[in-house]
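Read through the structure below, which is laid out as structure tokens, and then see the notes.
Each value in this text was obtained by applying a stated rule to the coordinates, not by laboratory testing. Everything numeric in this text was worked out from a predicted model, so none of it was measured. Because the Cβ atoms are built from the backbone with ideal geometry, glycine has one as well, and the counts that use them run over all protein chains shown.
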Amino acid sequence: MARGARLSNEGEPTPAGAPGPPAEAAAVRAPDTTTPTPAPGTAGPTGEPAPERVGHHTRRGISWNLVGAAVTNTLRLVTVVVLGRVLDSRDFGVVAAALSVTVLLQNVRDLGLGPALVQRAALRDLLGFGAGQTVIQLAGILATYGDNFVVGRTFGPAALGYYTRAYDLIKLPSAVFGNVVGNVLFPAFSRLQGDKARLASGFRRVIMVNALVLLPASAALIAVAPEAIRVVMGERWDAAVLPFRILAISMMMRTSYKVAAMVASAAGAVGAVAAANVVYMVCVIAGATLSVRWGIEGVAATTALSLVVVYVHCSYLAMQVSGVPARALLGAHVPGLLLAAVASAAAWPAVWALRAAGAPAALSFAAIAVLGIALALGATALWLRAAAPRGGDAAWLREELARVGRRLFSRLGRRGRRG
């Protein structure tokens, strides 16, 4: 979760929103009455980074984080695949219950709640400037694991094992986003808090890209859920299929609400984001308590609805601080929704045909994945070709993809010449 509007983010050297240089220093640098125009890629007269430099550092940070996240999450997925064939649902449930308690206690320690309970000075610091961030993190942890506690207490470790496996697989894109993009976007958004136009365009574009990637992926995963569970977990995990499908509906919102929370926090609305996380926590725990009578499927449904609530809430906060109109934010979802409709229309007939032919789960999953990726890339290329000439976010995305392609081919060419 984001660290706050003026708190440094994981070692960020300059606090967000820090004041610029003194007026006397500015006068020495620029004695005339005109404001000098900074050269491309240099800092502006107020000490803020130029757009080119912010974009360069953002792309570079995302690239490095992507490498690390790819290795980490590949190892994690391999571990899940191996354990899914060695352990049963009861074993996974016991591990999930222990992990939930461990993570909660670790976050209590990291937040300094332990010393704050016995030391007045630590409590005053905790409830002072960092109170909003403390609430955000604690409420986020309770929202993440609150439904697990309800399922485990009501049904026992076996049902908890099925539920947590479905939940963790759907949570993976959100975890990747936090590792790859989140730590880079927050300081970038913090630097833009004084420029509403650029903050708004950054928020809208990240939401659009999330929708383009995750909505079609959700549609394909819902269609091929039985095969996906069998490939990743093994043959004994069919009870996790329906919760997996229900939670897959909210996959994009799970990631995009964090973007909205980052934008609002970076602009100073930390208290409002903390309130949104508390509402989210209450919805998850209360919803699970009420819906547990319908089994783990009912808990999955209320958890997905809770994500809708927090996504709408945080998006509203981000719209307030950035000035993005509701119509523009809704429009950012349209390309992704259209891609999801295309992916769903192709995936369901294909998976039905593969099941009727008795194809192995791994073959069906791979075939649907290849089909979905090919359709998504083709439809996106057609959309960019038609919409980019009119400008807007489509033109931006086309230029960014072209920039990435040029750099990739340039590096491959240099390596080929060296070889």
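Computed quantities for the displayed model
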{"item": "For peptides 164-172, 392-400, 251-259, sequence by mean Cβ density within 10 Å, most packed first", "result": "251-259, 164-172, 392-400"}
{"item": "Label-point separation in nm, Ala374 to Asp168, each point 7 Å along Cα→Cβ", "result": "3.4"}
{"item": "Two-site label geometry, Ala387 and Leu401: point separation in nm, points 7 Å out along Cα→Cβ", "result": "1.1"}
{"item": "3J(HN,Hα) from dihedral phi, the stretch 154-167, Karplus parametrisation 6.51/-1.76/1.60, rounded to Hz, x for glycine, proline", "result": "7, 10, x, x, 5, 5, 5, x, 4, 5, 5, 5, 5, 5"}
